[in-house]
Amino acid sequence: MLKLMSHSLQMEGYTVITAMTGAEALDKIHSEQPDLVILDIMLPDTNGIEICRRIRQVLHLGDLPIIILSGQTELSAKIQGLEAGADEYVTKPVDPKEMTVRVKSLLARTQRLRQVMATPIGQRSRRGKVVAMIGAKGGVGTTTLVANLAVGLSMRNFKNVAVELRPYFGTLVRHFGVNPSSTLNDLMEMTPKTISEAQINQRLLPTQQGAQLLAGPQQLKEYREAQPEHVEALLENLVNMAEYVLLDLPHMPSVANRAALRAANTIIIAVEPEPSCVASAQALLELLRAWTISPAIIKFVIVNRMQSVQTISAAELERMLECELLGTVPAAPEMAAVSLTMGSPIIAYAPTSLVASTLQDITGRLVAARAVGVR
Ligand SMILES: Nc1ncnc2c1ncn2[C@@H]1O[C@H](COP(=O)(O)OP(=O)(O)OP(=O)(O)O)[C@@H](O)[C@H]1O
Ligand SMILES: [Mg+2]
């Protein structure tokens, strides 16, 4: 059946990945990120209903289309399958031709649904993507990365806002040489319901490089821990205002960070290639798992801040962290320092440098990344 179905789908031009057990299927769904899943119920290790439930609840793939194909024809089995989150329940025997037609129409339906979901009432622009950036440790270069990716996105004509979501002493504005008269903390003092696009707009700082900033607090008297309701209200508005919302998150766990990371479409962890930072990154990944964040949306970037021999290779890091590497930023201490005095991120002031080209590559990969993980 597996071979027959694979063959007829391949004849239609689809790439087919097969699995013989439930465990293998879950692994491959996680690593290969397919566009659609066809599941049998009777599996050697578990049953298809359970796999279906795990796809929805553990992998958090709420909109991955699933067709259950089963020999069980009773109504109760069908109900169970659909209740577990399958989109369709097809009983055997089935003509492979019918299956390919079903696959095609379910893919088209999913596409339409995603478009509808992405367009709010009133034909407004598509909702923006939230990219949360967080350091495995403090001081690894997260804010520098946020500043450069924001400019990288602007260079590609993506409207973006970089938000420094921290309770104290923000440094993002220094990368652009701007001086904020109002910061994020003014919004955090409002009741969440009153945070609106207009209120946010008033506090957005334009920059010469095209990125817009929502600055973190500059002075101690502005110290304020954001509440999850504030973070959610802020992001709900921001996704309607920009194509990309870049979040610069402090590395410590907090309720504000949890809300921000849960709302993210992509999470990028900045990691220094040395053992203690890698251990921190692993602890952070464990925290993200505990917060039930889909592993599929987590990526990482290696940041070298010092010109030393990289102790841990990129491949080794990828294996240790079990997530996708978006790129490696080479050490450029002098350029990093000059960039701060000039108020211009490296990607803009030294566009032909090696650092700038790796930052451009990372931006490109971010933009190309398929949107998986559904809130
Ligand atoms: N590729 C690089 N090469 C050399 N120095 C760098 C590089 N990237 C960043 N730096 C420097 O490292 C320092 C810390 O950077 P940054 O402020 O971006 O880190 P952070 O992770 O945001 O810190 P914090 O945890 O305080 O928010 C800065 O002085 C910055 O100029
Ligand atoms: Mg920072």
Just to be sure I follow the definition: excluding the sites themselves, where is the longest run in the chain that has none of the chymotrypsin sites (Phe, Trp or Tyr not before Pro) in a DSSP loop with at most 15 other Cβ atoms within 10 Å? 1-167
Given the -39500 (n - 2.57) contribution per DSSP H run of 4+ residues, what per-residue ellipticity at 222 nm results for the chain, rounded to the nearest 500 deg cm²/dmol? -13000 deg cm²/dmol
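When the Cα atoms of region 2-118 are enclosed in a convex hull and the volume is divided per residue, what value in Å³ results?
On the way: hull volume 12.3 nm³, N = 117.
Given the Cα convex hull of region 2-118, per-residue volume reads 105 Å³.
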Hey, can you find the accessible area per residue of the chain for me, probe 1.4 Å, expressed in square angstrom? 49
Rounded, prolate or oblate (a/c below 1.5 giving rounded, otherwise prolate when a/b exceeds b/c) for region 90-180 by Cα gyration tensor: prolate
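How high is the relative contact order of region 182-316? Use alpha-carbon pairs under 8 Å, at least six apart in sequence, and give a whole percent.
Numbers: 127 pairs, mean separation 27.1, N = 135.
The value is 20 percent.
What is the gain in length, in nm to one decimal, between Glu322 and Gln219 on full extension, counting 0.36 nm per residue of separation less the C-alpha to C-alpha distance? List each step's numbers first, then the result.
Values: separation 103, 0.36 × 103 = 37.08 nm, distance 3.85 nm.
Net length gain for the segment: 33.2 nm.
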Once you sort the root eigenvalues of the Cα gyration tensor of the chain as a ≥ b ≥ c, which label holds: rounded (a/c under 1.5), prolate (a/b larger than b/c) or oblate (the other case)? prolate
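Mind scanning Lys78/Lys104; Lys129/Lys159; Lys3/Lys97; Lys28/Lys92; Lys193/Lys221 and naming the pairs with a C-alpha gap bigger than 18 Å? Let's see the in-between values first.
On the way: Lys78/Lys104 21 Å; Lys129/Lys159 11 Å; Lys3/Lys97 14 Å; Lys28/Lys92 24 Å; Lys193/Lys221 24 Å.
Too far apart for the 18 Å limit: Lys78/Lys104; Lys28/Lys92; Lys193/Lys221.
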Between His7 and Arg109, the two model label points (7 Å from Cα along the beta-carbon direction) sit apart by a distance in nm of 2.8
Distance between modelled label sites at Met155 and Val178, nm, 7 Å Cα→Cβ extension: 1.9
Pair Ala337, Ala315: separation of 7 Å Cα→Cβ label points (nm): 3.6
Amide N of region 1-20 lying under 19 Å from the label point, which is placed 7 angstrom from the Cα of Lys92 along Cα→Cβ: 1-10, 17-20
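Grab the beta carbon distance between Leu287 and Asn201, set R0 = 45 Å, and tell me the FRET efficiency rounded to 0.05.
Numbers: r = 33 Å, r/R0 = 0.74.
After rounding, the FRET efficiency stands at 0.85.
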I'd like the GluC sites (Glu not before Pro) in region 149-201 restricted to DSSP loop residues with at most 11 other Cβ atoms within 10 Å, sorted by number. Glu189
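At a threshold of 8 angstrom on Cα-Cα distance, excluding pairs fewer than six apart, so keeping six or more, what relative contact order does region 2-118 reach in percent? Each step should come with its number before you reach the end.
Values: 131 pairs, mean separation 27.4, N = 117.
Averaging sequence separation for qualifying contacts and normalising by length gives 23 percent for region 2-118.
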Relative to the longest principal Cα axis of the chain, at what angle does helix 354-368 sit, 0 to 90 degrees, rounded to 10? 40
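What is the percent carbon and sulfur in the accessible area of region 2-118, measuring with a 1.4 Å probe over the protein chains and ignoring ligands?
On the way: 3770 of 6830 Å².
Of all accessible area on region 2-118, carbon and sulfur atoms account for 55 percent.
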For region 129-368, averaging the sequence separation of alpha carbon pairs under 8 Å that lie six or more residues apart and dividing by its residue count, the contact order in percent is 28
Measuring from centroid to centroid over Cα atoms, what is the spacing of region 1-29 and region 89-119 in Å? 16
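Let me know the charge dipole size of region 129-368 about its Cα centre in debye, to the nearest 20, where only the beta-carbon of Lys, Arg (+1) and Asp, Glu (-1) is charged. Intermediate results must be reported in sequence, preceding the final value.
Numbers: 17 positive and 20 negative charges, 34 e Å.
Dipole magnitude for region 129-368 comes out near 160 debye.
The values are calculated or read from the model by the stated rules, or taken from the named source; none is laboratory data. The structure presented is a predicted model; accordingly, all values stated were derived computationally and were not measured. Here the Cβ is made from the backbone with ideal geometry for all residues, glycine too, and neighbour counts use every protein chain on show. What goes into the accessible areas is simple: the full protein's heavy atoms, side chains included, and nothing from ligands, DNA or RNA. Shrake-Rupley method; radii C 1.70, N 1.55, O 1.52, S 1.80 Å.
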